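A.B. asks: Please read through the structure below; I'll follow up with questions.
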Amino acid sequence: MSAVQHLCILGSTGSIGVSTLDVVARHPERLKVHALTAHSRIETLAAQAVRHAARVVVVPDDAARQRFLAAWPAGRPVPEIRVGAQALADTAADPDVTAVMAAIVGAAGLPGALAAARAGKRVLLANKEALVAAGGLFMQAVRNHGAELLPIDSEHNAIFQCLPQSAERAHAPTQPAPGVRRLLLTASGGPFRRTALDQLEHVTPDQACAHPNWRMGRKISVDSATMLNKGLEVIEAHWLFAMPMERIQVVIHPQSVVHSMVEYTDGSILAQLGQPDMRTPIAYGLAYPDRIDSGVGLLELTRLGHLDFETPDLQRFPCLGLSLDALKQGQEACIALNAANEIAVAGFLQGKIRYTQIPEIIAHCLNESARLDSSIPSSLDEVLYLDARTRRTAAGYCQFA
């Protein structure tokens, strides 16, 4: 596909957004920026809009709009400034946009990603919550509106690359790819893979955010340390590839070189290897089915010496076990899992709770979700209602944890 892509980047000032713009700048002949959005780093948004000639920017409120104008260079034409959550969703569905990078972290990214799918866009999905909180709803929107869904998480992007080539790959399959036996999701194990269990309650936010291989934001770094992120990725893989949970295996791979694998019924395993750099899956998604330069250097296999694989210890990583339990319970439990984790991680980063209390809060919210009668959410409003309900429960529990 060599046609020019006109991009809307939801969350352009975060790590995925910045990496996306790095790849875009390398291919001006085929990648153009139409719209950029940000929530808090408004001055950075202004600098990005200048450099990439964005026609539209989206900010959360009028105060942010004023900050954007104050940061805008005098004498330059000002892009259209849209304000608010509805403007963000509308921009994701803008007729002038052909591809949307959904990179807003958390449940806040769900409306924009869903709007892009309903508008039939190429959706580059870097937001886990779209599938964790609303997997059935989101995948149905992709199918109903002819959207293209390309996973950007390194693990799911790796699986996507290793699956059989077929026209259905990017269009929300309803059954596993033929000949595939298992999906093998790799995980680094984070910074506490070897830490004594009795020391985990003393972990600080800075220690939890010191990932050994990847440079990421603080929230996702904590999720990697707890392996909650890997649980979310199992849920994502279930929806993305129509794969039953029992055919998805998590494997700890501390080098973060094998990004994930696909095992076939004949015993073959195909793996995707590369540097731990998000520009590789981003470039693959932007140019699919072509391959373009991402700016990532060579992988020197001879310097690695060895590749290690381990089974995750659920005593060390209880959040992974809780994630698998949530997937078994259903969509409401997955919503509760994600919402409770966001509140718990925020509390930990703010010094309000201990690291080891994150799974306690999640478990409490999952129990509350199971206790309350509710049906499978059939609309975005229902998803957001259940999300908000769990956040209130988690916030209340944090006060007494």
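The values are calculated or read from the model by the stated rules, or taken from the named source; none is laboratory data. Computed from a predicted model, the values in this text were never measured in an experiment. Note: ideal-geometry Cβ built from the backbone for every residue, glycine included; neighbour counts use all protein chains shown.
A.B. asks: Regarding residue 323, is this residue hydroxyl-bearing (Ser, Thr, Tyr) and within 20 Å of the chain's Cα centre (by Cα)? Explain how you work it out, then say what you get.
C.D. replies: Working: hydroxyl-bearing (Ser, Thr, Tyr): yes; within 20 Å of the chain's Cα centre (by Cα): yes.
Answer is yes for this residue.
A.B. asks: While we're looking at this one, here's another question. Say we look at the stretch 123-147 and pick out the residues that are of a type outside the set (Phe, Trp, Tyr) and in contact with a Phe, Trp or Tyr (Cβ under 8 Å, 6 or more places away or on another chain); which of these is surrounded by the fewest Cβ atoms within 10 Å (Cβ to Cβ)? Show your work before the answer.
C.D. replies: Step one: list which residues in the stretch 123-147 are of a type outside the set (Phe, Trp, Tyr), which gives 123-137, 139-147.
Keeping just the survivors that are in contact with a Phe, Trp or Tyr (Cβ under 8 Å, 6 or more places away or on another chain) gives 130-131, 135-136, 139.
On the way: 130: 29, 131: 28, 135: 18, 136: 14, 139: 22.
Step by step, filter the stretch 123-147, then rank; the result is 136.
A.B. asks: From 3, 46, grab the single residue that is at pLDDT 95 or above and over 21 Å from the mean Cα position of the chain (by Cα). Write out each step before concluding.
C.D. replies: Numbers: 3 fails: at pLDDT 95 or above.
Only one candidate qualifies: 46.
A.B. asks: Taking the stretch 22-43 only, how many residues are crowded, with 21+ Cβ neighbours inside 10 Å and closer than 20 Å to residue 58 by Cα? Before you say what the answer is, go through the steps one by one.
C.D. replies: Step one: of the stretch 22-43, the residues crowded, with 21+ Cβ neighbours inside 10 Å are 23-24, 31, 33-38, 42.
After this cut, where a residue has to be closer than 20 Å to residue 58 by Cα as well, the list is 24, 31, 33-38, 42.
Summing the residues that are crowded, with 21+ Cβ neighbours inside 10 Å and closer than 20 Å to residue 58 by Cα in the stretch 22-43 gives 9.
A.B. asks: Follow-up. Any residue that is assigned to a helix (DSSP H, G or I) and free of Cβ contacts under 8 Å to residues at least 60 places away in the same chain - is there at least one of those in the stretch 170-177? Step through it out loud before you land on a result.
C.D. replies: Of the stretch 170-177, the ones assigned to a helix (DSSP H, G or I) are none.
No - not one qualifying residue is present in the stretch 170-177.
A.B. asks: Quick one: how many residues across the stretch 270-319 are closer than 18 Å to residue 15 by Cα and charged (D, E, K, R)? Full working, then the answer.
C.D. replies: We begin by selecting, within the stretch 270-319, every residue closer than 18 Å to residue 15 by Cα; these are 275-286, 294-296.
Narrowing further to those that are charged (D, E, K, R): 277, 279.
Count: 2.
A.B. asks: If only one of 307, 298 is in contact (Cβ under 8 Å) with a residue 24 or more places away in the chain and in the same structural domain as residue 8 (by TED's automatic domain parsing), which one is it?
C.D. replies: Numbers: 298 fails: in contact (Cβ under 8 Å) with a residue 24 or more places away in the chain.
Exactly one of 307, 298 is in contact (Cβ under 8 Å) with a residue 24 or more places away in the chain and in the same structural domain as residue 8 (by TED's automatic domain parsing), namely 307.
A.B. asks: Of everything in the stretch 317-356 that's of a type outside the set (Val, Ile, Thr) and in a loop (DSSP other than H, G, I, E, B), which residue is surrounded by the most Cβ atoms within 10 Å (Cβ to Cβ)?
C.D. replies: 317
A.B. asks: Next up: So, in the stretch 356-401, of the ones that are under 14 Å from residue 340 (Cβ atoms) and of a type in the set (Ser, Thr, Tyr), which residue ends up farthest from the chain's Cα centre (by Cα)?
C.D. replies: Filtering first and then ranking leaves 397.
A.B. asks: Residues being hydroxyl-bearing (Ser, Thr, Tyr) and without any contact (Cβ under 8 Å) to a residue 40 or more places away in the chain: count how many of those fall in the stretch 27-73. Walk me through it before giving the result.
C.D. replies: Filtering the stretch 27-73 for residues hydroxyl-bearing (Ser, Thr, Tyr) gives 37, 40, 44.
Keeping just the survivors that are without any contact (Cβ under 8 Å) to a residue 40 or more places away in the chain gives 40, 44.
Residues in the stretch 27-73 being hydroxyl-bearing (Ser, Thr, Tyr) and without any contact (Cβ under 8 Å) to a residue 40 or more places away in the chain: 2 in total.
A.B. asks: Report every pair of residues separated by at least 6 positions or lying on different chains whose Cβ atoms are under 8 Å apart, first residue within the stretch 236-248 and in the same structural domain as residue 329 (by TED's automatic domain parsing), second at pLDDT below 95.
C.D. replies: No pair meets every condition.
A.B. asks: Which one of 360, 368 is among the acidic types (Asp, Glu), in a helix (DSSP H, G or I) and under 14 Å from residue 386 (Cα atoms)? First the steps, then the outcome.
C.D. replies: Details: 360 fails: under 14 Å from residue 386 (Cα atoms).
Answer to the check: 368.
A.B. asks: While we're here: How many residues does the stretch 225-269 contain that are in contact with a Ser or Thr (Cβ under 7 Å, 6 or more places away or on another chain), outside any loop (DSSP other than H, G, I, E, B) and either at positive phi or buried (at least 24 other Cβ atoms within 10 Å of the Cβ) (or both)?
C.D. replies: 6
Residues are listed down the side, and each one gets a yes or a no for (1) among the acidic types (Asp, Glu); (2) at pLDDT 95 or above; (3) crowded, with 16+ Cβ neighbours inside 10 Å; (4) out of contact with any Cys (no Cβ under 7 Å at 6 or more places or on another chain):
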| position | (1), (2), (3), (4) |
| --- | --- |
| 152 | no, yes, yes, yes |
| 155 | yes, yes, yes, yes |
| 158 | no, yes, yes, yes |
| 167 | no, no, no, yes |
| 170 | no, no, yes, yes |
| 174 | no, no, no, yes |
| 180 | no, yes, yes, yes |
| 184 | no, yes, yes, yes |
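A.B. asks: Also: Pull up the stretch 270-314, narrow it to residues that are touching a helix residue (DSSP H, G or I) at 6+ places or on another chain (Cβ under 9 Å) and part of a strand (DSSP E or B), then point me to the one that is farthest from residue 17 (Cα to Cα).
C.D. replies: Ranking the qualifying residues of the stretch 270-314, first place goes to 270.
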